[in-house]
Amino acid sequence: AQSVTQPDIHITVSEGASLELRCNYSYGATPYLFWYVQSPGQGLQLLLKYFSGDTLVQGIKGFEAEFKRSQSSFNLRKPSVHWSDAAEYFCAVGLMNYGGSQGNLIFGKGTKLSVKP
Amino acid sequence: KAGVTQTPRYLIKTRGQQVTLSCSPISGHRSVSWYQQTPGQGLQFLFEYFSETQRNKGNFPGRFSGRQFSNSRSEMNVSTLELGDSALYLCASSKTSSDEQFFGPGTRLTVL
């Protein structure tokens, strides 16, 4: 069965430090991959996506992610974290069904990021 | 461009009641998906609608149902509410079923 694993439930980094959030997926074909961020009481905001092509994708707010097929990973990175980045981050896989629909996103459990001043 | 809107934002119901949640997608988006978010189970897919047709359905009981109107607005209904239905219900829209999804702020449902 398809699944997404985010091994780190909670990460704390100092402001200005670099960040890497891990994501591994289990899916038979090449998936559509996403990272979303959720602030308390809010919906999900799309940070970046990978559909095909260049395996290093750039997103909003200075985030990037790299798709590594051999490791079934899609880790999220940011070179310098800002206090406003404190939130919960979700990795997701979009599945293609017979009809070509990827309306069904499979989400990881999320990684909560805290930022120390 | 207005984002995805969901109404109401907060709802309190008692066990056994039913509830209807509404979602208005971004203008021009024809696909609407619904998700349930709980602390224990995380984000789980409920169903997806495209052009008024349900295209995908998650593993939820028949008490959870939905529909989509010709203007792409969608509603989901939960009948015979249970305590475990307390959750944040998120709606997401996309241009087509193969495009990235944009999420609304959610409806927080509390079942007492």
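Some observations on this one:
- Among the residues making up segment B:86-112, those that are surrounded by fewer than 19 Cβ atoms within 10 Å (Cβ to Cβ) and more than 9 Å from chain A (Cβ to nearest Cβ) are B:Ser86, B:Lys95, B:Thr110, B:Leu112.
- Among the residues listed as A:Gly43, A:Gly110, the single one being in contact with a Phe, Trp or Tyr (Cβ under 9 Å, 6 or more places away or on another chain) and at negative phi: A:Gly43
- Restricting attention to segment B:62-112, the residues that are within 30 Å of A:Leu33 (Cβ to Cβ) and among the hydrophobic types (A, V, I, L, M, F, W, C) add up to 10.
- Filter pass, B:Ser65 being over 12 Å from the mean Cα position of the chain (by Cα) and under 26 Å from A:Phe90 (Cα atoms): no
- Lone qualifier among A:Val57, A:Val37 - being of a type in the set (A, V, I, L, M, F, W, C), crowded, with 18+ Cβ neighbours inside 10 Å, touching a strand residue (DSSP E or B) at 6+ places or on another chain (Cβ under 7 Å) and in contact (Cβ under 8 Å) with a residue 12 or more places away in the chain: A:Val37
- Answer from A:Ser114, A:Ser26 - the residue that is in contact (Cβ under 8 Å) with a residue 60 or more places away in the chain, polar (S, T, N, Q) and in contact with a Ser or Thr (Cβ under 9 Å, 6 or more places away or on another chain): A:Ser114
- Qualifying residue in segment A:92-110 (condition: at pLDDT 95 or above, part of a strand (DSSP E or B) and over 30 Å from B:Ser51 (Cβ atoms)): no
- So B:Pro8, is it within 25 Å of A:Gly108 (Cβ to Cβ), loosely packed, with under 13 Cβ neighbours inside 10 Å, more than 9 Å from every other protein chain (Cβ to nearest Cβ) and of a type outside the set (Lys, Arg): no
The values are calculated or read from the model by the stated rules, or taken from the named source; none is laboratory data. As the structure is a prediction and not an experimental result, all values here were calculated from the model. Because the Cβ atoms are built from the backbone with ideal geometry, glycine has one as well, and the counts that use them run over all protein chains shown.
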